[in-house]
1. Taking the square root of 5 times each eigenvalue of the Cα gyration tensor, what semi-axes in Å does the equivalent ellipsoid of region 1-77 have, largest first?
2. Using a simple charge model, +1 on the beta-carbon of Lys and Arg, -1 on the beta-carbon of Asp and Glu, nothing else, what dipole does the chain show about its Cα centre, in debye to the nearest 20?
3. From the P(r) of region 43-161, can you give the percent of Cα pairs sitting at distances over 18 Å?
4. Taking only C-alpha pairs under 8 Å that are 6+ residues apart, what is the relative contact order of the chain in percent?
5. Can you give the FRET efficiency for LEU232 and LYS112, using 1/(1 + (r/R0)^6), R0 = 30 Å, r = Cβ-Cβ distance, to the nearest 0.05?
6. Cα centroids of region 161-235 and region 1-30: how far apart, whole angstrom?
7. Quick check: pseudo-label points 7 Å beyond the Cα along Cα→Cβ at LEU100 and SER133, how many nm apart are they?
8. Just to be sure I follow: if Rg is taken over the C-alpha atoms of the chain and Rh is the Kirkwood radius over the same atoms, what is Rg/Rh?
Amino acid sequence: MILQVQDLQVAYGNIQALHGVSLEVNEGEIVTLIGANGAGKSTTLRAISGLNRPKSGTIRFQGTDITRVPAHQIVAMGIGHVPEGRRVFPDLTVRENLELGAYIARPDTFHKNLAEVFERFPRLKEREFQKASTLSGGEQQMLALGRALMLQPKLLLLDEPSMGLAPRLVQEIFGIIAELNKRGTTILLVEQNAAMALSIAHRAYVLETGRVVLSGPAAELQSHPAVREAYLGGS
Ligand code: ATP
């Protein structure tokens, strides 16, 4: 098991966002966390990467308790996080954005990692010296993914990679995610597009108002009546 989250509680002031979330991710898996707006999906990812401090509960990464470890150390341990809304630096070039992703990487692996990212995303290579603000939404999502990959994370946390993208680009991004996983990256994927997420995930957790209400193999949840009704348009 690469990640184990136990009984996680997170509050923003008086608002309790997570009421004891537990989940596990095994090495090599794509695990998806689905749920409506405000269910607590982003909060869960932010707690794992050290951006939100939990009130209680524990987070273990490769057996080490990281619940109180600072965010920059968590990145260095091998957890990459692509936040919601992509958040690339618009005034920096594609290459500069990727360089920032590697700020803690050793210089000897920088060029190798950059070459790998460009190999995986030829469109980023073509736009290497263009400002990120000139990229399309799909290309910005690729850049955000590429930036996280510069550190060759063991576990990649993806927050709503399909947000704001046209259907064709959603397909392309999900294809890339599946490919990254095949090449060995373990992925925890937060998505509102439950149909797409369940189609590439091995297992899934359904979150409602800060609690896990269902979990299991993605294929089983795809045909679960409550999931179909609430998240797959009842079809
Ligand atoms: P979305 O898809 O809309 O991001 P989500 O499932 O990721 O939804 P969270 O963003 O984790 O949900 O939010 C969980 C709860 O915590 C919500 O009730 C939300 O309003 C609240 N919340 C999130 N961020 C903050 C914040 N910075 N301050 C106060 N409340 C917050």
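FYI, it's all coordinate maths here, none of it is from the lab. Note that the structure is a prediction, hence the values are computed from the model and not measured. Quick reminder, even Gly has a Cβ in these numbers, built from the backbone with ideal geometry, and neighbours come from all protein chains shown.
1. Ellipsoid half-lengths, sorted descending, are 19, 15, 11 Å.
2. In debye, rounded to 20, the chain gives about 300.
3. 51
4. 27
5. FRET efficiency, LEU232 to LYS112: 0.15.
6. 17
7. Once both label points are built, they end up 1.3 nm from each other.
8. 0.96
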